[in-house]
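Working notes, structure below.
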Amino acid sequence: MFKEYVKKINSADLYDLVLKTPVNFASSLSKRLNNTIFVKREDLQPIFSFKLRGAYNKLKNLSKKELAKGVIAASAGNHAQGVALAAQKLKSKAVIVMPVTTPEIKVDAVRSKAKVILHGDTYDEASDFAQHLAQERGYIYIHPFDDKDVIIGQGTIGYEIHKQIDEQIDYLFVPVGGGGLCAGVAAYVKSISPSTKIIAVESDDAACLREAMLNGEPTKLSSVGLFADGTAVAKIGTNTFEVLNELVDDIVLVSTDEICSAIKDIYNEFRAISEPSGAMGLAGLKKFVIQNSISQHTLVTIQCGANIDFDRFRYISERTEVGEKREAILAVTLVEEKGSFQKFCGVLDDRVITEFNYRHNGEQNAQVFVGVKVDSDSDREKLIQKLTGLNYPVKDLTDSEMAKSHVRYMVGGRSPTISAEQVFRVEFPEKPNALHKFLIHLGGKFDITMFHYRNHGSAFGKVLVGFRCGAEDRDSITQIFKQLNYPSKNETQSEAYKFFL
């Protein structure tokens, strides 16, 4: 059934606007991972993303009558820029609906080429409004991924990879959000090289393809993480799933820390900037190689985008060491006496301490939050075993999102006057009235006992919030977050909270 896709990919006429981007050999990564690794550089497109391909192919297949009506799309970034530039090239009116949480840098990039309407907090709200306007005003709606012409446009990447790499490709790692990129590339590559394994890579907090595979049909996730915003899609497309369900050989899920590590790898290798979704493919490649002991093979991935706010690099740099398995985050119990810190540091030998947080609380034992440089997961385990053997009680918090995003900045925040507390980790939309809106819904029912917020230069802010209440009130608070569409997790039983807050 994919011959139709392949035929149209071969005949796609996009190169009066789209660039044939290079495939770069990643020499350092190849040596480190003992494989031959290539990276397709879609970050070099005019809009710094592959999305231009699908948008332009869709518009070029519209009739003159349809182009005259104008086109409309919903997007928080790359698809918006692709549709806007394609419409400008073809002299068609373009209207782009963007969530009000969209970073200003992306809004400005689109506004220079098309009319921008800010509506809703999420992509889904913006999309619903865009489709409403399409029906009301006769615009042609351009879907970001679940459209055959869009899939064919993205598939030209597979065509180029085939022409640019002479040797047999053993594994091809493709990021997945709605699935348009992976469907197009998989359809073409599998048609000319059936033995090439197509590995889909998803963020572990937005794995809509895996969910669809498990259920046998597209299934909407109850929530999605927003760090990799370019692939933060709650439901895989119908057309894309039809292709991916047949052609994808495996799925790799990657964490925020692993994505941050891959962003650093791309910078070190090519001195190039990647947005989180743009580095997902490489993050999946690295993880798959290690988990499956892959060596002496030819591996390809796609750096699919570079639209990122500068402010986000602070957060990314903070998380890179953990993503590279080179930092252990530990809660260690020390005896509260003179010389205990010096003795503990001596036990670490020549290891670099990256962070050390402590506050006196008058008890016999002290809980310290400590970051230590390590070489790998096994080295981290070796360190923990050594400390345990020397009678230092240790809890490994390396994989605790709460510890890494909040607790490390709040150590010493215990309150002896609070007898019952419920704690939640929440993603708030990055806009001025988000907290006020939440407080209105809270309606004065509970006292807020703790609040920590960090601006990550994106469409969301991470918040840790505590309430003076018991477990019997947990569900009612969770329901408030659900009504506001704020993803949340109850962290009252988190070890990081119990140790330090």
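The values are calculated or read from the model by the stated rules, or taken from the named source; none is laboratory data. Predicted model, so just to flag it, every value in this text is computed and none were measured. Because the Cβ atoms are built from the backbone with ideal geometry, glycine has one as well, and the counts that use them run over all protein chains shown.
Some values worked out for this structure:
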read-out	value
Region 282-320, residues that are part of a loop (DSSP other than H, G, I, E, B) and either crowded, with 21+ Cβ neighbours inside 10 Å or among the basic types (K, R) (or both)	C304, A306, N307, I308
Meets criteria (within 30 Å of V463 (Cβ to Cβ), at pLDDT 75 or above and among the hydrophobic types (A, V, I, L, M, F, W, C)) for V352	no
Some residue of region 162-178 being of a type outside the set (D, E, K, R), in contact with a Pro (Cβ under 9 Å, 6 or more places away or on another chain) and surrounded by fewer than 21 Cβ atoms within 10 Å (Cβ to Cβ)	yes
Residue check, I151 in contact with a Lys or Arg (Cβ under 9 Å, 6 or more places away or on another chain), in contact (Cβ under 8 Å) with a residue 24 or more places away in the chain and in a helix (DSSP H, G or I)	no
Of the criteria (1) in a loop (DSSP other than H, G, I, E, B); (2) outside the structural domain of N239 (by TED's automatic domain parsing); (3) surrounded by fewer than 20 Cβ atoms within 10 Å (Cβ to Cβ), which one K20 fails	(2)
Residue within region 105-123 that is under 21 Å from K220 (Cα atoms) and either in contact with a Gly (Cβ under 9 Å, 6 or more places away or on another chain) or in the same structural domain as G278 (by TED's automatic domain parsing) (or both) present	no
Region 117-136, residues that are farther than 20 Å from A232 by Cβ and touching a residue at least 12 places away in the same chain (Cβ under 8 Å)	I117, L133, A134
Hits in region 376-391 (condition: more than 14 Å from T333 (Cα to Cα) and outside any helix (DSSP H, G or I))	S376
